[in-house]
Every structure is written in structure tokens, then in C-alpha cells.
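The values are calculated or read from the model by the stated rules, or taken from the named source; none is laboratory data. Being a predicted model, the structure only gives us computed values, none of them experimental. Please note: Cβ atoms are built from the backbone with ideal geometry, for glycine as well, and neighbour counts cover all protein chains shown. Each accessible area value is taken on the protein alone, full model and side chains, heavy atoms only, with ligands, DNA and RNA left out. Shrake-Rupley method; radii C 1.70, N 1.55, O 1.52, S 1.80 Å.
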Amino acid sequence: MVEITEISAMLQKGKAKIVKEMVQQALDEGQDPKVILNDGLLSGMMIIGTKFKNNEVFVPEVLVAARAMNAGLGILEPKLVEVGNEPVGRAVIGTVKGDLHDIGKNLVAMMLKGAGFDVVDVGVDVDADTFISKAEEVQADVICMSAL
Ligand code: B12
């Protein structure tokens, strides 16, 4: 049985491949995807965030941890997203200009999909004009902007 705290530990070390494998194994064992997300991935990222704030780790360590986080999220996505047939609305989501943080955005995009939204992700470092023109192009009901 995969220890969820071990997923958190591997994420903090930036071991993307191992995180991916452990998340898959935990799912195969029937462990709750929300527990894997909260106690494995998010808790690991929170610890890294605190260490970053306290200057105990630096950008490269945060970056590899973030890659491991996104790798684990990719495996969890199908389990977290259970889409119905009719979309309840359409959302354009992205991270604002000057900002490259995308983990929170990716998570929110997943949750929106899970809630039945059709989601158009415009990526990171996105200027206002791009948000507006994409929203007009796809006739979005809502624009979601992530800014850390
Ligand atoms: C990972 C990380 C990075 C990674 C990003 C990798 C990636 N692919 O995203 C890297 C290493 C690249 C990075 C770089 C930098 N970072 Co950084 N980073 C973080 C860190 C540690 C975690 C952020 C994260 O992913 N958290 C996990 C996710 C799940 O949480 P979240 O992003 O908060 O998202 C949740 C909510 O905010 C919300 N949400 C988010 N978006 C949206 C959108 C909508 C529409 C809605 C409804 C909700 C929502 O829902 C999400 C789920 O709960 C934070 C510290 C922290 N504790 O937050 C600093 C932090 C955000 N970074 C910070 C800084 C300063 C930087 C740098 C400037 C550092 C530097 N000196 O170079 C650069 C900036 C680069 C740039 N131009 O953007 C500061 C920002 C301070 C500020 N706001 O003024 C923070 C707060 C650290 C700190 N305390 O100093 N960073």
C-alpha cells in the first residue's frame, strides 16, 4: 500500500517520475483521489512553499517540485474530472501577464471541468487582449484569471 505522506516527500525532492508512479499505484489500490491530492501533492507543495519563503530552498528546487506536482496532477485528472454530457457553461482560464505560476490555474481548470464546464486554457503570461479575444472567439460565459 502506497503511503500518501511518501508521495509528499518525493514531491518535495522533485522526483516527478516516482511521484507519477506512486499516484498511479495509489489509485490502482483504490485510495481516494482527493486524499492523494490533498495529503500527497498539495501538502508537499505547501511545505516547499514555506521553505521557499524562509529561504531554506530556492527557485530550482521549487521548480522541480512543481514539475513533480504537475506530473502527479496529470495522473489524477481523469479521476477528479467526471464530466456530464451537457456543459453548464464555458470558461476561459489563464495566468495573467508577467506571472508564470500555473499549478493553481491547472487545478482550478480541472475543478471547473469536473463541475461540468467546457474549459479553454490560454496558458501563462497572458495579456488582457488575449483573454478578451479568446473569450469572444469561444463565446465564454466566464473569464478566470490566475495571479499569484
Ligand atoms: C511553485 C512556485 C513557483 C514555481 C512555479 C512553477 C509553476 N509551474 O507554477 C516557480 C519556481 C517557477 C516560481 C517562480 C517565482 N515565484 Co513562486 N511560488 C511557488 C509556490 C512555492 C507555490 C505556488 C503553488 O503552485 N501552490 C499550489 C497551488 C495549488 O496553490 P495556488 O497557486 O495558491 O492556487 C490555489 C488558489 O490560489 C486558487 N487559485 C489560483 N488561481 C486561481 C484562479 C481562479 C480563477 C480561481 C477562482 C482560483 C485560483 O485555487 C488554487 C487551488 O486551491 C508559492 C508559495 C506558496 N506557498 O504559494 C510561490 C510564490 C507564489 N512565488 C513567489 C515569487 C516571488 C516567485 C518569483 C518572483 C521568484 C523569483 N525570485 O524568481 C518567480 C516568479 C516567476 C514569474 N514571473 O511568475 C511569491 C509571490 C509573492 C507575491 N505575490 O508577491 C510566492 C507567494 C512565494 C513567496 N512567499 O515569496 N514559483
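When region 103-123 is limited to residues that are assigned to a helix (DSSP H, G or I) and open to solvent by 60 Å² or more (accessible area, probe 1.4 Å), the one that is farthest from L41 (Cα to Cα) turns out to be K113. Residues of region 91-105 that are within 8 Å of the ligand (Cβ to nearest atom) and either in contact with a helix residue (DSSP H, G or I) (Cβ under 7 Å, 6 or more places away or on another chain) or farther than 23 Å from N38 by Cβ (or both): I93, T95, G98, D99, L100, I103. Restricted to region 124-142, and to residues there that are surrounded by fewer than 16 Cβ atoms within 10 Å (Cβ to Cβ) and within 11 Å of the ligand (Cβ to nearest atom), the residue that is farthest from G89 (Cα to Cα) is D125. Can you tell me which residues in region 64-81 are near the ligand (Cβ under 8 Å from one of its atoms) and either open to solvent by less than 90 Å² (accessible area, probe 1.4 Å) or touching a strand residue (DSSP E or B) at 6+ places or on another chain (Cβ under 7 Å) (or both)? Within region 64-81, A65, A66, M69, N70 meet the criteria.
Here region 82-102 is the region considered, the condition is being open to solvent by less than 90 Å² (accessible area, probe 1.4 Å) and out of contact with any Gly (no Cβ under 9 Å at 6 or more places or on another chain), and the residue that is nearest to A135 (Cα to Cα) is V92.
For region 1-32, a tally of residues being open to solvent by less than 30 Å² (accessible area, probe 1.4 Å) and not hydrophobic (A, V, I, L, M, F, W, C) returns 2.
How many of the residues making up region 1-37 are in a helix (DSSP H, G or I), under 17 Å from I75 (Cα atoms) and more than 10 Å from the ligand (Cβ to nearest atom)?
Residues of region 1-37 in a helix (DSSP H, G or I): 4-12, 16-28, 33-37.
Next, only the ones that are under 17 Å from I75 (Cα atoms) stay: 4, 6-8, 10-11, 16-28, 33-37.
Adding the requirement that they be more than 10 Å from the ligand (Cβ to nearest atom) leaves 4, 6-8, 10-11, 16-28, 33-36.
Here the count works out to 23.
Here is a check on your reading of the model: is L148 surrounded by fewer than 19 Cβ atoms within 10 Å (Cβ to Cβ) and in contact with a His (Cβ under 8 Å, 6 or more places away or on another chain)? Yes; evaluated as a whole, the condition is true for this residue.
Residues that are in a loop (DSSP other than H, G, I, E, B) and not aliphatic (A, V, I, L, M) within region 42-88 comprise N54, N55, E56, F58, E82, G84, N85, E86, P87, listed in sequence order.
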